[in-house]
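I have placed the structure first, in the form of structure tokens, so that the comments after it can refer back to it.
The values are calculated or read from the model by the stated rules, or taken from the named source; none is laboratory data. Please read all numbers here as calculations on a predicted model, not as lab measurements. FYI the Cβ positions are ideal-geometry reconstructions off the backbone, even for glycines, and counts take in every protein chain you see. Surface areas here come from the heavy atoms of the whole protein model, side chains and all, with no ligands, DNA or RNA. Shrake-Rupley method; radii C 1.70, N 1.55, O 1.52, S 1.80 Å.
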Amino acid sequence: MTRLRGALGAAAVAALCALYAWAFLRAESQSALALLVLAGVAAGAVATRTRLLEKLPPAPERLTQAFALLAVAGLCIALHEDDFSLLLVARVLIVVLACLGLHIQLGYAGVLNFAGASFFGVGGYTAAVLTRSTGLPHLLVLLAGGAMAALVGTLIVVPVLRTRGHYAALVTIAFALLFRTFLEVNDSLGGPQGLKLKEIRIGPWRFNDPVELGPFSGSFYLNYLALLLLLLALGWILVQRVERSWIGIDLDAVRLDETAASTFGIDVARWKTVAFTLGNFLAGVAGAASAHMVGFIAPNNYSFGESLVLVSILLLGGVGNAWGVALAAAIVVILPEKLQVLQEYRFLLYAGMVVLILIFRPVGLLPRRMRRLVDTA
Amino acid sequence: MTLALLGQYVMNGVMLGMMYALVAVGFTLFFGVLDIIQFSHGDVLAFGAFVALAVWAALVKLGVAWPAVQLVAVVVFSALATAAVGALVARFVVLPLKGAPSLNVLLVTLMMGTVLREAIRLFYPGGSQPQRFPALLPTTGYDLGGFNLRLDNLILLAAGALLIAGTHLFITRTRLGLAIRAVAQDEETARTMGIDFRAVVLFTFGLGSALAAFAGAMDGLYYNEVYYGMGLLLGVIGFASAIIGGLGNLYGAVIGGFLFAALQTIGAVALPFASAYKDVFAFAVVIVLMAVRPTGLIGEPASERV
């Protein structure tokens, strides 16, 4: 009985979120949007005050994920003619996928990566070069983008492992600046002008053609959204499996206290390397998919500022909680695009918001729950 | 390569090194008193440069045309305003997070830097474009066999060296400097000895930020241009310099600053690839250095506490 109530609760939350997202994306007038923002903030405040999410009967994790997937798919179908809204949803999915990478690194292993956008960019540039010069199937190109990002990450893994705290931050920051400068001065990668990419093709399926399925027709973004949902679902399962397994417990131990972890025989360097590489792989896959969808890449998209945005999403959502990451990514991507007043002041507001969050609510919007190793229910 | 061209490169490298050293000294001072990295330092520097520009524009409006007065007013006002901003950042952003994980402090100051940077871009008239910085120093040049040694560069170098030496003397020879060193060594003991911890921290942040304001003005005078994003790279380079030298060590910061400038110059001159790769080269060397000596050239003495 409690299971059924838990499932119903999760379904209701997912449906409400999808409905809210739909209303937000379809709203045209700025006053309607402002009202929706206020309603969202009020709902969030009430939910926090009354601890609503904790009081909901627990639902099986898999069911919650399935409902979330259905909600996003339903949202995409409801928006099927609206190119701009679909593009926004697709960008949210891409950012969530990239942030899941950082989430493994920072949220589990405690490895701080200020070069997230760089690894995202490695994926994008790899995809561009591979599709221009080889006939590799495009699904493999996405994987190659991730693999390349993981490989490039191993270049700096030694200094990342050997340094602590501020010193470790310097390594990834230096890498982010190095990467951006390298792209700008390297003529064979297009220099500051960047490169163009072709659409994704899988067999006869051309991603830039509108979707026609019997009586149903929709924007070509639905192709990319289907692919992105698949990638994100796989990435999410991976992250969840890592967290629920003994690997996740080892990673937690490494993050919380390296010295204590190593006295219990946990190989700190090994797990940090695994988390760093896995995270960069996810960021690279996201970068490759994004480059294909946008059709164009340039060094400006992969600056240090973008890396900071990725880290702020993690912090805003609550470090260590994948649901928080998804929520924060949706807010950070969609809000400034819809509220035009914010457009110009976007970076100022992100930064100010993170400063305030760090001072007043350092755990983020959806903080990670305590791991329950023994089922007490 | 002619000797004159070499001289030009060396001079340029020394100028850059002096700016980096000034920024790095700030990082190292902040790390000394609070054990944190004040990552908005570079943007505080950009703020100082824009205050200098605004003061100059105001003086021109008021009809003060005497260059010496302009110079003194620009330097004094920008140092004071920037010191105030540095102290405010310390008071309202850094001190409230005392005791929080160092990641949070790093992020909060990084984001504070973004706030400052964006504020300059959005609210300074024409701030999104590079602004011309006036030449306030005599630009007479001395010809040394084809190499043009300019008086304004010499003055800037001398002033920078004096400031760093003065900071060192201040830290080592005065009562307030003693208080700073005491706080750096052990906060609790310093408090029990009657040192006002918060005042010392705020003063140190003001001092470091004033040095950054000078570095910003120096950058503006040297390149005749200031830009809202100038602080990002200068800040990261200053941070890198402080770290290469070893945090919390004044000499280390100066050595690190000049070392980074030397790397850039070598990258531009002596290496077989195009000079556009000089920053790529310099940052690559920094990453390798961090792999070899994870706590800088003059390492932190503290061992791992269990």
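Give region A:317-327 a look and list any residue that's within 14 Å of chain B (Cβ to nearest Cβ) and open to solvent by less than 10 Å² (accessible area, probe 1.4 Å), or say none.
Kept after step one, since they are within 14 Å of chain B (Cβ to nearest Cβ), are these residues of region A:317-327: A:317-320.
Answer for region A:317-327, where residues must be within 14 Å of chain B (Cβ to nearest Cβ) and open to solvent by less than 10 Å² (accessible area, probe 1.4 Å): A:317, A:318, A:320.
Taking helices (runs of 4 or more DSSP H) that fall entirely within region B:109-218, which contain at least 2 residues that are open to solvent by less than 30 Å² (accessible area, probe 1.4 Å)?
Numbers: elements: B:151-173, B:175-185, B:187-192.
Answer list for region B:109-218: B:151-173, B:175-185.
Would you mind stating whether residue A:245 is free of Cβ contacts under 8 Å to residues at least 12 places away in the same chain, within 24 Å of residue A:99 (Cβ to Cβ) and out of contact with any strand residue (DSSP E or B) (no Cβ under 7 Å at 6 or more places or on another chain)?
Values: free of Cβ contacts under 8 Å to residues at least 12 places away in the same chain: yes; within 24 Å of residue A:99 (Cβ to Cβ): yes; out of contact with any strand residue (DSSP E or B) (no Cβ under 7 Å at 6 or more places or on another chain): yes.
The answer is yes for residue A:245.
Quick check on region A:209-220. Is at least one of its residues of a type in the set (D, E, K, R), outside any helix (DSSP H, G or I) and in contact with a Phe, Trp or Tyr (Cβ under 8 Å, 6 or more places away or on another chain)?
So the first thing to find is which residues in region A:209-220 are of a type in the set (D, E, K, R), and the list is A:209, A:212.
Within this subset, residues satisfying the condition of being outside any helix (DSSP H, G or I) are A:209, A:212.
Still in the running and in contact with a Phe, Trp or Tyr (Cβ under 8 Å, 6 or more places away or on another chain): A:209.
So far as region A:209-220 goes, yes, one or more of its residues are of a type in the set (D, E, K, R), outside any helix (DSSP H, G or I) and in contact with a Phe, Trp or Tyr (Cβ under 8 Å, 6 or more places away or on another chain).
Where residues in region A:254-297 are within 30 Å of residue A:349 (Cα to Cα) and surrounded by fewer than 19 Cβ atoms within 10 Å (Cβ to Cβ), which of them is farthest from the other protein chains (Cβ to nearest Cβ)?
Going through the qualifying residues, I end up with A:295.
For region A:30-86, please list each of the helices (runs of 4 or more DSSP H) lying entirely inside it that holds at least 1 residues being modelled with pLDDT of 85 or more and in contact with a helix residue (DSSP H, G or I) (Cβ under 9 Å, 6 or more places away or on another chain). Spell out how you get there, then give the answer.
Working: elements: A:30-49, A:52-55, A:61-78.
In region A:30-86, A:30-49, A:61-78 are the helices (runs of 4 or more DSSP H) which contain 1 or more residues that are modelled with pLDDT of 85 or more and in contact with a helix residue (DSSP H, G or I) (Cβ under 9 Å, 6 or more places away or on another chain).
Would you mind stating whether residue A:144 is in a helix (DSSP H, G or I), more than 8 Å from chain B (Cβ to nearest Cβ) and of a type in the set (A, V, I, L, M)? Outline the logic, then answer.
Numbers: in a helix (DSSP H, G or I): yes; more than 8 Å from chain B (Cβ to nearest Cβ): yes; of a type in the set (A, V, I, L, M): yes.
Yes, satisfied.
Does region B:279-288 contain any residue that is part of a loop (DSSP other than H, G, I, E, B) and not small (Gly, Ala, Ser)? Give the steps one after another, and end with the answer.
Here is the first cut: in region B:279-288, the residues part of a loop (DSSP other than H, G, I, E, B) are none.
No; the residues of region B:279-288 include none that is part of a loop (DSSP other than H, G, I, E, B) and not small (Gly, Ala, Ser).
Does at least one position in region A:27-35 carry a residue that is touching a residue at least 12 places away in the same chain (Cβ under 8 Å) and touching a Lys or Arg at 6+ places or on another chain (Cβ under 7 Å)?
Looking for residues that are touching a residue at least 12 places away in the same chain (Cβ under 8 Å) and touching a Lys or Arg at 6+ places or on another chain (Cβ under 7 Å), one finds at least one in region A:27-35, hence yes.
How many residues are in contact (Cβ under 8 Å) with a residue 60 or more places away in the chain, more than 25 Å from residue B:53 (Cα to Cα) and either among the acidic types (Asp, Glu) or at the interface with chain A (Cβ under 10 Å from one of its Cβ atoms) (or both) when one looks only at region B:95-131?
Total meeting the criteria: 3.
For region A:329-348, what are the residues that are within 14 Å of another protein chain (Cβ to nearest Cβ), more than 19 Å from the chain's Cα centre (by Cα) and crowded, with 18+ Cβ neighbours inside 10 Å?
Correct list: A:348 only.
For region A:297-343, how many residues meet the condition of being touching a Lys or Arg at 6+ places or on another chain (Cβ under 8 Å) and in a helix (DSSP H, G or I)?
6
Restricting to region B:219-249, count the residues that are surrounded by fewer than 24 Cβ atoms within 10 Å (Cβ to Cβ) and under 13 Å from the mean Cα position of the chain (by Cα).
Residues meeting the conditions: 4.
So which residues in region A:355-372 are at pLDDT 80 or above, among the basic types (Lys, Arg) and under 19 Å from residue A:243 (Cβ atoms), if there are any at all?
If the condition is that a residue be at pLDDT 80 or above, among the basic types (Lys, Arg) and under 19 Å from residue A:243 (Cβ atoms), then A:368 is the only one that fits.
Read through the list (1) in a helix (DSSP H, G or I); (2) crowded, with 20+ Cβ neighbours inside 10 Å; (3) of a type outside the set (Val, Ile, Thr), then give the number of the only condition that residue B:39 fails.
Single failed check for residue B:39: (1).
Take residue B:57 and tell me if it is surrounded by fewer than 17 Cβ atoms within 10 Å (Cβ to Cβ), among the aliphatic types (A, V, I, L, M) and under 19 Å from residue B:202 (Cβ atoms).
Working: surrounded by fewer than 17 Cβ atoms within 10 Å (Cβ to Cβ): yes; among the aliphatic types (A, V, I, L, M): yes; under 19 Å from residue B:202 (Cβ atoms): no.
In short, no.
Taking only pairs six or more apart or across chains, which ones have beta-carbon atoms under 8 Å, a first residue in region A:40-52 that is open to solvent by 60 Å² or more (accessible area, probe 1.4 Å), and a second residue that is modelled with pLDDT under 85?
Pairs that qualify, where the first residue is open to solvent by 60 Å² or more (accessible area, probe 1.4 Å) and the partner is modelled with pLDDT under 85, are A:46/A:52.
Can you tell me which condition residue A:361 does not meet? The list is (1) open to solvent by 80 Å² or more (accessible area, probe 1.4 Å); (2) away from chain B (no Cβ under 13 Å), and all the others hold.
(2)
Taking region B:35-58, which residues are closer than 15 Å to residue B:239 by Cβ and away from every other protein chain (no Cβ under 12 Å)?
Correct list: B:41, B:44, B:45, B:46.
Determine the pairs where a residue that is free of Cβ contacts under 8 Å to residues at least 40 places away in the same chain, located within region A:125-139, has a partner that is open to solvent by less than 40 Å² (accessible area, probe 1.4 Å) and among the β-branched types (Val, Ile, Thr) with Cβ atoms under 9 Å apart, the partner being 6 or more residues away or on another chain.
Pairs found: A:130/A:141; A:134/A:141.
Anything in region B:236-272 that is free of Cβ contacts under 8 Å to residues at least 40 places away in the same chain, among the small types (Gly, Ala, Ser) and either under 17 Å from residue A:170 (Cα atoms) or part of a loop (DSSP other than H, G, I, E, B) (or both)? List them, or say none.
Of everything in region B:236-272, just one residue is free of Cβ contacts under 8 Å to residues at least 40 places away in the same chain, among the small types (Gly, Ala, Ser) and either under 17 Å from residue A:170 (Cα atoms) or part of a loop (DSSP other than H, G, I, E, B) (or both), namely B:270.
Restricting attention to region A:147-167, and to residues there that are more than 17 Å from residue A:119 (Cα to Cα) and in a helix (DSSP H, G or I), which single residue is farthest from the other protein chains (Cβ to nearest Cβ)? Working first, answer last.
Applying the first criterion (more than 17 Å from residue A:119 (Cα to Cα)) to region A:147-167 yields A:161-167.
Then keep just the ones that are in a helix (DSSP H, G or I); that gives A:161-162, A:165-167.
Values: A:161: 9, A:162: 4, A:165: 5, A:166: 5, A:167: 6 Å.
Top of the filtered list is A:161.
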